[in-house]
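Report on the following structure.
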Amino acid sequence: MNPDATVGIVLVSHSAALAEGAAELASQVAGGTVPVIPAGGTDDGGLGTSAAKVERAIKQADRGAGVLIVPDLGSAVLTVRALLADPEDLPGPVELVDAPFIEGVVAATVTAAAGADIAAVRGAAEEAWHARKL
Amino acid sequence: MPASSEQVVTQVITLTGDLHARPAGQLAVAAAKFDADVSLTVGDRTVSAKSVLAVMGLGATSGQQVTAAATGPDAEPAVAAVVAILADATAVGG
């Protein structure tokens, strides 16, 4: 594992537009140094999730320090879990995190930009459950 | 000379613009690179400068005073980095 590599982030959303918008926002807030790859919608562009899109996104996000996957809603988790059950073609470590979608991905991306390892990046995403806006 | 690991540095800055998402991110990335604990205080609220969500949650606006404080071996450069970002970024917004 390259110690200088940043953790990559993959956003799995039922909506391609939601995944793309969230990825753009997180990337800009964190200064653009971390790969934040959207994997939204089905293969034919509808609402839903696609294992093929998620797999491509994981490979694109990988910089050698692991990839954290942030799902938007529960059923995106099923797609990711099915993919991770057979990880032989995936770079490692690839982890799925239980976090609020936009807050989680922003916190994870900023933490990754500071050079944190995947455990710390995951922890930042999970802590987002406790962040208040007001 | 004793170990400087307990060094505490504090600096107050008055914001010239609102603290928006991008400068908050820049600030958290910068703060997280230091070993020191780095905090921001606005009014009676104090948050970790290393948490982008907490920094954004401060809702700090133009004209407010922000106290940057750091505790640790690299407290001085940590506070300097955070204050520089607050000075620059809030002038631009975003």
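The values are calculated or read from the model by the stated rules, or taken from the named source; none is laboratory data. In this text, all values refer to a predicted model and were calculated from it rather than measured experimentally. Glycine also receives a Cβ, built like all others from the backbone with ideal geometry; neighbour counts cover every protein chain displayed.
Assorted remarks:
- As for the stretch A:42-61, it holds at least one residue that is within 29 Å of residue A:133 (Cα to Cα) and either over 15 Å from the mean Cα position of the chain (by Cα) or surrounded by fewer than 18 Cβ atoms within 10 Å (Cβ to Cβ) (or both).
- Selection of the stretch A:39-84 for residues being of a type in the set (D, E, K, R) and within 22 Å of residue A:112 (Cα to Cα) yields A:55, A:56, A:59, A:62, A:63, A:72.
- Here the condition is being among the acidic types (Asp, Glu), within 18 Å of residue B:53 (Cβ to Cβ) and at pLDDT 95 or above; of A:95, A:103, A:55, it holds for A:103 alone.
- Scope the stretch A:1-21; condition within 14 Å of chain B (Cβ to nearest Cβ) and crowded, with 24+ Cβ neighbours inside 10 Å; matching residues: A:6, A:7, A:9
- Residues satisfying the stated conditions in the stretch B:8-58, i.e. within 14 Å of chain A (Cβ to nearest Cβ), buried (at least 24 other Cβ atoms within 10 Å of the Cβ) and assigned to a strand (DSSP E or B): B:38
- Checking residue B:42 against (1) touching a residue at least 40 places away in the same chain (Cβ under 8 Å); (2) under 15 Å from residue B:14 (Cβ atoms), the condition it does not meet: (1)
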